[in-house]
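Contents: one structure, followed by commentary.
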Protein chains: 2
Amino acid sequence: MSNNKPIRRIAIIGTGVIGASWTALFLAKGLEVVAADIAPDAETSLRRFVKAAWPALERLGLAPGASQSNLTFTPDMPAAVKSADFVQENGPERIDFKEKLYRQLDELLPADVIIASSSSGLTMSQIQSACSLHPERCVIGHPFNPPHLVPLVEIVGGAKTSEATIERASEFYTGLGKQTVRLRKEVPGHVANRLQAALAREVYYLVAEGVVSAAGVDTALSWGPGLRWGIMGNMMLNHLGGGQGGIEHFFQQFTGPMTAWWKVLGQPVLTPEVQRKLIDSVHAEVGSRSIPELEAQRDEILMGLIELRSKYQKPAATSQRTDAA
Amino acid sequence: MSNNKPIRRIAIIGTGVIGASWTALFLAKGLEVVAADIAPDAETSLRRFVKAAWPALERLGLAPGASQSNLTFTPDMPAAVKSADFVQENGPERIDFKEKLYRQLDELLPADVIIASSSSGLTMSQIQSACSLHPERCVIGHPFNPPHLVPLVEIVGGAKTSEATIERASEFYTGLGKQTVRLRKEVPGHVANRLQAALAREVYYLVAEGVVSAAGVDTALSWGPGLRWGIMGNMMLNHLGGGQGGIEHFFQQFTGPMTAWWKVLGQPVLTPEVQRKLIDSVHAEVGSRSIPELEAQRDEILMGLIELRSKYQKPAATSQRTDAA
């Protein structure tokens, strides 16, 4: 990796919610960002987003030289990627759009510039098939919303992605303080979205069946198991759940009940009636609290939790990259 | 409820992990506890547990008069429940054992003493069928381990449980600072264990399939969606995930991908080979770190997170009880 030139200048393609949040993060890490989007008010929205995110980023710690003035905007994509060291692409999740875009990027960019996609709905094997020159520098770098606050980045290559690209992308994100996970196989939704989907399915089922209200299930999650899932993952918690016998004892003790519960987990269908029931129950939970008020509360506690974890968990440099065992 | 005499003296039946943790909590809240267990070293283990838990309870705040000296131990169950105002039962999860125990308790205790069971594997309708006198005062009060740290208590009655019992148990736990959830129907595993089972199923699947290691999936959870699940529940986060359009917009936007992911979620079978693969991957993640070291780290961050939430979220007195909407 030492053969590659340092990554200093990032091109952001697509400045919707995810692209804007990436922009804020890269700027906070002291990088230069050139952002491109063809939407009419894109620049105004982007600069407003970055400005609003800045106090949180200051609190989490700006890199030397970090400044909002290191952001350039252009509606002209080819101009944006010119002399970029790394591209973070956040375009619409349509394969025809992505193919056209990647064909163009592949022709515009030197072979050593990585093109990372934030896509969650498409695989890199699909996307990179459009690149005839250097498909090996294309990789999924999927953040968890909002990327400027949540550390996770999922990294997965397509059939033609090179090992060097995956290594270099991992090092880049890790160097910015992100927590990267490498997937060894392409699966729909990557990992985090699948975990969310698995949990949400049972949540919706229990509310739809009238076992519990939205407020009730939210209390059960956020004052129960959810409290620990922002501290350690399921596997490590299972290890501790086995007492002195660790993970071996956990499986001896809990395979029975766990398997029994799997048999009765729900498979709800999101009909308009079920959606209505879920929506009504959420409104009863929310009451008069506004979305900005709740967002501010969520992000305030989120930052506090991230600070707590960085205080108590000082991982070795390598442990921020969790590859397959 | 004001007609009932205050709850000052708790009988704990069964002082295993859950019973010991309940004991520590009740003592920290200034209550008197009489604990019963027939195991040979039960008293020593219990007092050791309470002593070890005490610094954390001091940090979270002791009630006036709270003291470890308010604990009495006896191997004699009938003596323990004599003059108890509330019973928290944590016996073995076998229906024959519970039936015999509840028949005995029902005969020993005045009608106004609530018998709350920590059971997760049995329903109260099953258990209370053994009570011929006052089955209406029996209720599930299911904590999340460890009860002295994690606020959640799930409350659910059986077919014969009275509304007054559910109300009074809810008020009792809420008054101790617990976060209670009322279930309107009895379902296996209640809510929190089902949510855990739903998540764990996909976690095991992704590791078993070689998509990601135990370390990888733990990073994806605990630095991704898990960070938010200890702050707000799935339904409220969906509401915020819909942007200014809230939960309605969330379902418009995400019903498609969510439903598509549900179709491809895994259904692993915990064969010895699959367990071996999961266990090996956990050991690779854990490395040389000891269980006590990891437990201390988990609980330290857990307390910090609970403190953060109580700092930023000051719920109205009623909002700690989340009933069906």
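The C-alpha atoms of chain A define a longest principal axis, and helix A:17-28 lies at about 70 degrees to it. Gain in length, A:Lys82 to A:Asp280, computed as 0.36 nm per residue apart minus the alpha-carbon separation, to one decimal in nm? Gain in length upon complete extension: 66.3 nm. Normalised Debye scattering of chain B at q = 0.13 Å⁻¹ gives log10 I(q)/I(0) of -1.12, counting only Cα atoms as equal scatterers and leaving out solvent.
Please state, rounded to one decimal and in Å, the Kirkwood hydrodynamic radius that the stretch B:254-300 gives when every pair of distinct Cα atoms enters the mean of 1/r. Provide the component values of the computation, followed by the final result.
Working: mean 1/r = 0.0720 Å⁻¹.
It is 13.9 Å.
Express the Stokes-Einstein translational diffusion coefficient of the stretch B:152-218 in µm² s⁻¹, to the nearest whole number, given a Kirkwood radius over alpha-carbon pairs, 25 °C and a viscosity of 0.890 mPa s. If you can, show how the numbers build up before the last one.
Working: Rh = 14.3 Å.
My calculation gives 171 µm²/s for D.
In this structure, A:Ser69 and B:Arg289 have a Cβ-Cβ separation that, at R0 = 60 Å, corresponds to a calculated FRET efficiency of about 0.85.
Residues within the reach of a label modelled at A:Thr44 (point 7 angstrom out along Cα to beta-carbon, backbone nitrogen below 19 Å), restricted to the stretch A:63-97, are A:72-76. Of all the options A:Pro151, A:Pro75, A:Pro268, the one that moves most in a Gaussian network model of chain A with Cα springs shorter than 10 angstrom is A:Pro268.
Can you tell me the FRET efficiency between A:Glu248 and A:Asp96 if r is taken as the Cβ-Cβ distance and R0 is 30 Å, rounded to the nearest 0.05? Can you show the working numbers first?
Working: r = 50 Å, r/R0 = 1.67.
Efficiency, from the Cβ-Cβ distance: 0.05.
Within the shell of other residues whose beta carbon sits under 12 angstrom from the beta carbon of A:Ala197, the net charge comes to +2, with Lys and Arg scored +1 and Asp and Glu -1.
Kindly give the semi-axes, whole Å and largest first, of the ellipsoid equivalent to the stretch A:34-86, taking each as the square root of 5 times a Cα gyration tensor eigenvalue. Present the calculation step by step, with values, prior to reporting the outcome.
Working: eigenvalues 102, 48, 9 Å².
For the stretch A:34-86, the semi-axes come out at 23, 15, 7 Å.
Dimensions of the stretch A:69-189 from C-alpha coordinates, computed as largest minus smallest value along each principal axis and given longest first, are 38, 31, 26 Å.
The mean number of Cβ atoms from other chains found within 10 Å of a Cβ in peptide B:42-52 is 0, as a whole number. I need the Debye-formula profile for the stretch A:209-289: one equal scatterer per C-alpha, no solvent, reported as log10 I(q)/I(0) at q = 0.10, 0.15, 0.27 1/Å, two decimals. These q points yield log10 I(q)/I(0) values of -0.39, -0.77, -1.23.
Within chain A, the longest segment free of exposed loop sites, counting GluC sites (Glu not before Pro) that fall outside DSSP classes H, G, I, E and B and have at most 15 other Cβ atoms within 10 Å, spans A:210-325. For a distance above 48 Å, tell me the whole-number percent of Cα pairs in the protein assembly as shown that qualify. Beyond 48 Å sits 17 percent of the P(r) for the protein assembly as shown. The ellipsoid that matches the Cα gyration tensor of the stretch A:162-273 has semi-axes, each √(5λ) in whole angstrom, of 30, 22, 15, with the longest given first.
In degrees between 0 and 90, to the nearest 10, how far off the longest principal axis of chain B does helix B:192-208 point, with axes built from Cα atoms? The helix B:192-208 is inclined about 40 degrees to chain B. Legend: mean number of C-beta atoms from other chains within 10 angstrom of residue C-beta atoms, peptide B:150-158, equals 3. For A:Glu295, inter-copy separations between label points set 7 Å beyond Cα along the Cβ vector come to 4.3 nm, shortest first.
Count, for each residue of B:259-268, the Cβ atoms from other chains sitting within 10 Å of its Cβ, then give me the mean as a whole number. Numbers along the way, then the final one.
Values: counts 5, 4, 13, 10, 2, 5, 7, 3, 1, 2.
Partner Cβ neighbours, averaged per residue: 5.
Translational diffusion coefficient of the stretch B:1-118 at 4 °C, 1.567 mPa s, Stokes-Einstein with Kirkwood Rh over Cα pairs, in µm²/s as a whole number. Intermediate values should be presented prior to the final figure.
On the way: Rh = 14.5 Å.
Estimated diffusion coefficient is 89 µm²/s.
Using only Cα atoms, find the angle between the long axis of helix A:291-312 and the longest principal axis of chain A, and express it within 0 to 90 degrees, rounded to the nearest 10. The answer is roughly 90 degrees. Straight-line cross-link partners of B:Lys5 among the lysines, defined as a Cα under 17 Å from its Cα and at least 8 positions apart when in the same chain: B:Lys82.
Here, each number is a calculation from the coordinates, and none is a lab measurement. Predicted model, so just to flag it, every value in this text is computed and none were measured. Cβ atoms come from the backbone with ideal geometry, glycine included; neighbour counts cover every protein chain shown.
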